[in-house]
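No value in this document is a laboratory result; all are computed from the given coordinates. A quick note: this is a predicted structure, and the numbers were derived from the prediction, not measured. Don't worry about glycine lacking a Cβ; one is built from the backbone with ideal geometry, like all the others, and counts go over all protein chains shown.
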Amino acid sequence: MVEINFIEKKKINIVPFIIAAVFTLLLAASVYLLSWQHTTQQQQLQSIQQQLDNNLAKQEELTSLLNLHEQRTTLEQQITSVEAEIFPTLPLLDSLVGLLPENTYFSNYSFSIDSGLMIDIRTDDIDQVAAYSNLLEQQSFIENIILSTVSRNEPDNYIASFQLQINQDAWKEEVNR
């Protein structure tokens, strides 16, 4: 027997479907690959940014330490300079007060490294002014003594003004003994 098929069967061309499926697969693989590369690049960028932040923080710390070291050096130099310039005035005052005769006291005391020492003393007797002047001349740290004025303030009260030049090195040695 022979069969006759009157329904025509169309041949389906599956090539375009295969091409579309392969294209879709390639497109999906490309999107996945690009997404993976983007994620990897972002992670690397974050890592590099973190390293940069760490390096900047370390650089700031080192700069701060360097500035601190420079400040410390400057302060040490300033301290050395100030220590060299310090003049022991309180012991000088104590020494000069210790030389005062009885019933004699300072009415004015003014000291400057540049202009020297200016003192006014009050005393009851003019002989005490001479005695004090003599004691001042005997001091090794006093270079120059000028008795500026002697005036009678009250019947039994004299005011004498002295100008003294202090040898700074000799005085510092005297204090350090």
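Could you pull out every residue, at least 5 positions away or on a different chain, whose amide H is within less than 5 Å of the one on ASN167? Hs are placed 1.01 Å off N in the peptide plane, and Pro or chain starts have none.
Result for ASN167 returns ILE142, GLU143.
Which residues does a label at SER95 reach in segment 158-172, if reach means a backbone N under 13 Å from a point 7 Å past the Cα toward the Cβ?
Output list for this probe position: 165-172.
Which of [x] 126; [y] 254; [z] 148 is the computed volume of the Cα convex hull per residue in Å³ for the structure on display?
This structure yields the entry labelled [y].
Full extension from VAL31 to VAL82: what is 0.36 nm times the residue separation minus their Cα-Cα distance, to one decimal in nm?
That works out to 10.9 nm of additional length.
Expressed as a whole number of Å, what is the distance separating the alpha-carbon centroids of segment 86-129 and segment 23-77?
Here the answer is 71 Å between Cα centres.
Could you work out, for segment 100-177, what percent of all Cα-Cα pairs fall into each 10 Å distance bin, beginning at 0 Å and stopping at the bin that holds the largest distance?
Reading upward from the zero bin: 19, 49, 26, 6, 0.
Could you give each residue of segment 56-71 its phi-based ³J(HN,Hα) in whole Hz, using Karplus coefficients 6.51, -1.76, 1.60 with θ = phi - 60°, and x for Gly or Pro?
5, 5, 5, 5, 5, 5, 5, 5, 4, 5, 5, 5, 4, 5, 5, 5
How would you rank 93-103, 129-139, 158-168, highest first, on the average number of other Cβ atoms within 10 Å across their residues? Don't skip to the end; give the middle numbers.
Working: 93-103: 13.5, 129-139: 15.1, 158-168: 17.5.
Answer by packing, highest mean first, reads 158-168, 129-139, 93-103.
Considering the options TYR132, SER47, GLY116, tell which one lies farthest towards the positive end of the dipole of the chain, charges being +1 on Lys and Arg and -1 on Asp and Glu at the Cβ, about the Cα centre.
Among TYR132, SER47, GLY116, the one farthest towards the positive end of the dipole of the chain is SER47.
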